[in-house]
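Shown next, in structure tokens, is the structure this report addresses.
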Amino acid sequence: MSYLHEQVLKKITDLKQKWKLQEALKIVNSYLVDDPSNQTLLMEIADIHYRGGELDKSSKPVDFLLTQNPTDPMNLYIKGVIEMEKKNWQDARDYLKKAVKLTNSENAEVVRVYGLSEFWYGNHEKGIDMIKMAFQMNQYDAEVIYNLIQLYLMQHKYSLAGNMIKYYTKYKAKLQCYDKDIKYYNEKIKVFTEFLILKQPSFTIS
């Protein structure tokens, strides 16, 4: 197995964040030639294609990894995310349900995405309950808070959405952001707040 230095992974990550996807792909492929079964490299391939909207290409390395190890929760999680993006809700739910079981419901991110898959599949209450579970596991994950507000508004649960908007505002300085930065969430919360005020003119954050 070829050794992938931490600085190489950092360079790949930096290129992806700058949306220089072809440059990142070229670097990954140069290492993949010597180690075509390297899980880290294959996951990078999947992520690059996913970011570029090439979902079928993104699925291929994950499918290969699942044939090698069908009970790897991370592979199942990534496959579920890709199927969600394709709007294959049942497939997404099936993969993510397995990932949740294999991680004993202890991985907040896996639980969160599984909740989304259940919601979009049609199991609205179960989906929200799972995302609430993810919130209890990490109460400063901006994506979890964003998901809860969005789904509460979709379900016309305006009081609950309002409470989460107030929570977001109160703890904004402590929130953890992963794939997106805080500016993204601030803009989304602003839109949600304006929508909520239209529905409930008496709503105020303070």
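The values are calculated or read from the model by the stated rules, or taken from the named source; none is laboratory data. Values in this document were obtained by computation on a predicted structure and should not be read as measured data. Methodologically, a virtual Cβ is constructed for each residue, glycine included, from the backbone with ideal geometry; neighbour enumeration extends over all protein chains shown. Note: accessible area is taken over every heavy atom of the protein model, side chains too, but ligands, DNA and RNA are not part of it. Shrake-Rupley method; radii C 1.70, N 1.55, O 1.52, S 1.80 Å.
Mind checking whether some residue in segment 172-183 is assigned to a helix (DSSP H, G or I), in contact with a Lys or Arg (Cβ under 9 Å, 6 or more places away or on another chain) and open to solvent by less than 80 Å² (accessible area, probe 1.4 Å)?
yes
Checking the structure you have, find out if any residue of segment 135-144 is closer than 28 Å to Ile182 by Cβ, open to solvent by 20 Å² or more (accessible area, probe 1.4 Å) and at pLDDT below 95.
No - not one qualifying residue is present in segment 135-144.
State yes or no: is Val28 among the hydrophobic types (A, V, I, L, M, F, W, C), in a helix (DSSP H, G or I) and over 25 Å from Asn69 (Cα atoms)?
No.
Given the structure, is Lys16 farther than 23 Å from Leu96 by Cα and either basic (Lys, Arg) or within 19 Å of the chain's Cα centre (by Cα) (or both)?
So Lys16 fits the description; yes.
List the pairs whose first member sits in segment 128-139 and is under 15 Å from Ala161 (Cα atoms), whose second member is buried (at least 16 other Cβ atoms within 10 Å of the Cβ) and at pLDDT 95 or above, and whose Cβ atoms are under 6 Å apart, counting only residues at least 6 apart or on separate chains?
Close Cβ pairs satisfying both conditions: Ile128/Leu151; Ile131/Arg112; Ile131/Gly115; Ile131/Asn147; Ile131/Leu148; Phe135/Val144.
Pull up segment 16-46, narrow it to residues that are surrounded by 15 or more Cβ atoms within 10 Å (Cβ to Cβ) and small (Gly, Ala, Ser), then point me to the one that is farthest from Asp179 (Cα to Cα).
Ala24
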